[in-house]
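**Q** Supplied in structure tokens, the structure appears directly below.
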Amino acid sequence: MDIKTVGVVGAGPMGIGIAQVFATAGFTVILFDNNRVILEAAPQKIADSLDQGIKVGALKLDDKAPALANIVLADSLPTVAASDLIVEAATEDEAVKGQIFQELVPHLLPHTILTSTTSAVSITRLASRTDRPERFMGMHFMKPVPVMKLVELIRGIATDEATFKTVEDMCITLGKTTSVSEDFPAFIVNRILMPMINEAIYAVYEGVGTVENIDKSLKLGANHPLGPLELADFIGLDIVLANLNALHDGLADNKYRPCPLLVKYVEAQWLGRKSGRGFYDYSGGTPVPTR
């Protein structure tokens, strides 16, 4: 398929990152979020991200204006449906995602491919909420999308080869590298990453070490660019919890049981960087450990 127009549903950090990489690659992007404030703030956030890319040499100055011109803000979800490819990047809640696809279906073009950038929800189940499970698959970008090279590709049980090949070729056009995962809870990256983060949270919970010492140990002892608790705050503790719940529920194995401390932080809306507080307090110039 010749993809020219890409719809992106969700203008949070993932959605605007996805919109940016498609727009920079020359595609027309129709961006929608049901929160109008978040949607209207998206172009400036994308402009700031493009400026950062220019600053570090990943982009040229001449790339910025055309990329921004390729992004159109949609007034309604049906407007997004007039796209060749749609990427759903809404909150990590299966009910919300399913409702989005159900609302899109009556307005889709016959050839439209549907994808979700979910990090844990079953692609097969999401596809079943649509009229085209054969044209549905997972396209899991990594955060921050403009920087991270990997996209996990996940087939649902009904995904056809033409759809898979079109999306795989699209990722190459975007300059991304793909890995292919079967449709199991949390796929590859989060199947391995989330238990590590959970174990780090248990280490704090049980008093094995402080937040600072646990992160320092993994950065200097295992050569990780971020400590597991710093990374959890960056991802969003609500997303970490959603992934662990998906693993725990889907695989029925207690090794994926979310740490009670993680649950408490999410209940308190201490979600990490996006809320200003998680395992670190971000209210000042320098993040300060909260434990």
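No value in this document is a laboratory result; all are computed from the given coordinates. Fair warning: this is a prediction, and the values are worked out from it, not measured in the lab. Cβ coordinates were reconstructed from backbone atoms using ideal geometry, including for glycine residues, and neighbour counts include every protein chain displayed.
**Q** Pop out the ³J(HN,Hα) list for the range 229-241 in order, Karplus 6.51 cos²θ - 1.76 cosθ + 1.60 with θ = phi - 60°, rounded to Hz; leave Gly and Pro as x.
**A** 7, 4, 5, 4, 5, 5, 5, x, 5, 5, 5, 4, 5
**Q** Among the lysines in the range 5-181, how many pairs, 8 or more places apart or on different chains, have alpha carbons under 14 Å apart? Don't skip to the answer; put the middle values down first.
**A** Working: Lys45/Lys64; Lys55/Lys64; Lys143/Lys176; Lys149/Lys176.
Eligible lysine pairs with Cα atoms under 14 Å apart amount to 4.
**Q** How large is ³J(HN,Hα), in whole Hz, for each residue of the range 205-211 in order, when computed from phi with the Karplus curve 6.51 cos²θ - 1.76 cosθ + 1.60 and θ = phi - 60°, using x for Gly and Pro?
**A** Each residue's phi maps through the Karplus curve to give 4, 8, x, 5, x, 7, 3 Hz.
**Q** Moving to a separate point now. How big is the Kirkwood radius of the range 198-237, worked out from every pair of different alpha carbons and given in Å to one decimal?
**A** After inverting the mean inverse Cα-Cα distance, the result is 9.9 Å.
**Q** May I have the pair-distance distribution P(r) for the chain, computed from all Cα-Cα distances with 10 Å bins from 0 and rounded to whole percent?
**A** 7, 27, 34, 24, 8, 0
**Q** For the range 84-223, what are Rg and Dmax over the alpha carbons, in angstrom?
**A** Reported Rg and Dmax, both Å: 17.7, 56.
**Q** Might you report the magnitude of the Cβ-based charge dipole of the chain about its Cα centre, with Lys and Arg at +1 and Asp and Glu at -1, to the nearest 20 debye? The partial results should precede the final answer.
**A** Details: 26 positive and 34 negative charges, 100 e Å.
Dipole size: approximately 480 debye.
**Q** In addition: Give me the lysines in straight-line cross-link reach of Lys264: C-alpha distance below 23 Å, same-chain residues under 8 apart excluded.
**A** List returned: Lys255, Lys274.
**Q** Shape verdict for the range 191-289, please, from the Cα gyration tensor: rounded (a/c under 1.5), prolate (a/b greater than b/c) or oblate. Walk me through the intermediate numbers first.
**A** Working: a/c = 1.81, a/b = 1.28, b/c = 1.41.
Taking the square roots of the gyration eigenvalues as a ≥ b ≥ c, the range 191-289 is oblate.
**Q** How big is the charge dipole of the range 130-199 about its Cα centre, in debye rounded to the nearest 20, if each Lys and Arg gets +1 on its Cβ and each Asp and Glu gets -1 on its Cβ?
**A** Values: 8 positive and 10 negative charges, 57 e Å.
Dipole size: approximately 280 debye.
**Q** Which angle from 0 to 90°, rounded to the nearest 10, does the C-alpha axis of helix 36-55 make with the longest principal axis of the chain?
**A** It works out to around 80 degrees.
**Q** Starting at the first residue of the range 136-146, write each ³J(HN,Hα) from the Karplus equation 6.51 cos²θ - 1.76 cosθ + 1.60 with θ = phi - 60°, in whole Hz, x for Gly and Pro.
**A** Per-residue couplings from phi come out as 10, 7, x, 9, 8, 6, 9, 9, x, 4, x Hz.
**Q** Restricting to Cα pairs below 8 Å that are 6+ residues apart, what does the relative contact order work out to for the range 1-122? Please round to a whole percent. Mind dumping the intermediate values first?
**A** Working: 202 pairs, mean separation 38.4, N = 122.
Over the range 1-122, the number comes to 31 percent.
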